[in-house]
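Each value in this text was obtained by applying a stated rule to the coordinates, not by laboratory testing. Here the structure is a predicted model, which is why all the values come from computation and not from measurement. Methodologically, a virtual Cβ is constructed for each residue, glycine included, from the backbone with ideal geometry; neighbour enumeration extends over all protein chains shown.
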Amino acid sequence: MNSKEFIKAVDLIVKEKGIDRELVFEAMELALATAYKKNFDSLTNSKIFIDRNTGDIKVYSYITVVPDEKEDDEESDGIDLDYEISLTEARKINKSLNVGDTIDTEVTPKDFGRVAASTAKQVLVQKMREAERNSIMDEYGDKQDELLIGTVDLEDVDNYFINLGRSNGILPKKECIPGEKIEMGKQIKVYCSKVDGSGKGMFILLSRNHYGFLKRLFELEIPEINDGSVLLYSVARDAGSRSKVAVYSERSNIDPIGACIGEKGTRIARIIEEVNGEKIDIVKYDKDPAIFIANALQPAKNLHVIITDPKKQECIVVADDENFSLAIGKKGQNAKLASKLTHYKIDIKNLQQASEMGINFKE
């Protein structure tokens, strides 16, 4: 790499990668100074200068101008002749010199070009990688908790690797929806659960069974949620099996549940298809926790909700014989999802249990 090629290479990465030109030269000078001391003279006070226009590289040794008093200072070691010169002696060389100035002498070795070329290539590659990494971080750094679309590129025992464009994300198989088939080369929607740029490369962790994935799908497919006329309060999910989504609207003329279902169920159908047939209960949120809890326990009906401790968010729900098993659900799933959705600890009792506790249930 000659001087002209070096300048062209610098200008190219500055243009393509958006790196500050001066930062490239400063990094190069620092790297070349280290290379010079390592390969030629580790003791000499040296510095490197690169001509920003021609690309010529020169090595200088320098001594620093110090006060005359230092020469006679008994508390110091005096002047180090290898690195320092007194002001009086310096002005014999150049009358305009002051304390702190340096006297430079070019000491560029004849074969320094070989070392310089090798070092220049290393620094340019490093700067390109840093710029690419910073650019990708700028692009993906704020994508955590967002919905992304990528292409399934590779697969190993534990993960799928998703091509997101300028970076790749990792979709662990345990983060896929149970029972779904992921096909190589297919585009896929994924939820970005973590972005970490603290290591050597960008780490993007993806998921399809996270409750946030379902939340973002609702925002994508339901225009009223996207424009704020329907609000999504919370999501509880048992991926691949069943989920509950609580919605509401502050506008009396809007039916939040109807908006999510869509005409002839088309909107919710698209979401269900994306989550591999997962059942989704759309629940109406209510500011009254008792009403909200009863709504969340659907399809069970005719429930009596007693808030036992508002601060700890605990309640007892009494269900008649017909709705008791529905309220609990298979393996307790309905009650667990309702608890996650409402953030309340729900204790479901049948009529006999309620009676034994002194609770009278009126249908």
Inset, instruction - Search the structure for amide H atoms under 5 Å from the amide H of Asp68, placed 1.01 Å from N in the peptide plane, and list their residues when 5 or more places away or on another chain. - result: Leu87, Thr88
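Is segment 3-139 rounded, prolate or oblate when judged by the Cα gyration tensor, a ≥ b ≥ c being the square roots of its eigenvalues, rounded requiring a/c under 1.5 and prolate requiring a/b larger than b/c? Walk me through the intermediate numbers first.
Values: a/c = 2.61, a/b = 2.26, b/c = 1.16.
It is prolate, given that a/c is not under 1.5 and a/b is the larger ratio.
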Inset, instruction - For segment 105-138 and segment 278-301, compute the distance between their C-alpha centroids and round to whole Å. - result: 63 Å
Inset, instruction - Enumerate the calculated ³J(HN,Hα) couplings along segment 105-115 in order (Karplus 6.51 cos²θ - 1.76 cosθ + 1.60, θ = phi - 60°), each rounded to whole Hz, writing x wherever the residue is Gly or Pro. - result: 10, 5, 9, 4, x, 4, 9, 6, x, 5, 5
Legend entry - Structure-based [θ]222 nm, the chain - -39500 (n - 2.57) summed over DSSP H runs of at least 4, per residue, nearest 500: -11000 deg cm²/dmol
Legend entry - Antiparallel DSSP beta bridges within the chain, percent to nearest 5: 75 percent
Inset, instruction - Per residue of segment 290-306, in order, report the coupling 6.51 cos²θ - 1.76 cosθ + 1.60 (Karplus, θ = phi - 60°) as ³J(HN,Hα) in whole Hz, putting x for Gly and Pro. - result: 5, 5, 4, 5, 4, 5, 5, 7, 4, x, 5, 10, 6, 9, 10, 9, 10
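Which loop-located trypsin sites (Lys or Arg not before Pro) does segment 272-363 contain, where loop means any DSSP state but H, G, I, E or B and the Cβ has at most 13 other Cβ atoms within 10 Å?
On the way: sites: Lys279, Lys284, Lys287, Lys301, Lys311, Lys312, Lys330, Lys331, Lys336, Lys340, Lys345, Lys349, Lys362; in loops: Lys287, Lys301, Lys311, Lys312, Lys362.
The qualifying sites are Lys287, Lys301, Lys311, Lys312, Lys362.
For Glu106 and Lys345, compute 0.36 nm times the residue count separating them, minus their Cα-Cα distance, and round to one decimal in nm. Intermediate values should be presented prior to the final figure.
Values: separation 239, 0.36 × 239 = 86.04 nm, distance 7.89 nm.
So the chain would gain 78.2 nm between Glu106 and Lys345.
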Inset, instruction - Quote the convex hull volume per residue of the chain, based on C-alpha atoms, as a whole number of Å³. - result: 284 Å³
Legend entry - Karplus 3J(HN,Hα) series, Hz, for segment 337-346 with 6.51 cos²θ - 1.76 cosθ + 1.60 (x for Gly, Pro): 5, 5, 5, 5, 5, 8, 6, 10, 7, 10
Inset, instruction - Report, by chain and number, residues whose modeled amide H sits under 5 Å from the one on Val107, excluding near sequence neighbours (fewer than 5 apart, same chain). - result: Val59, Tyr60, Ser61
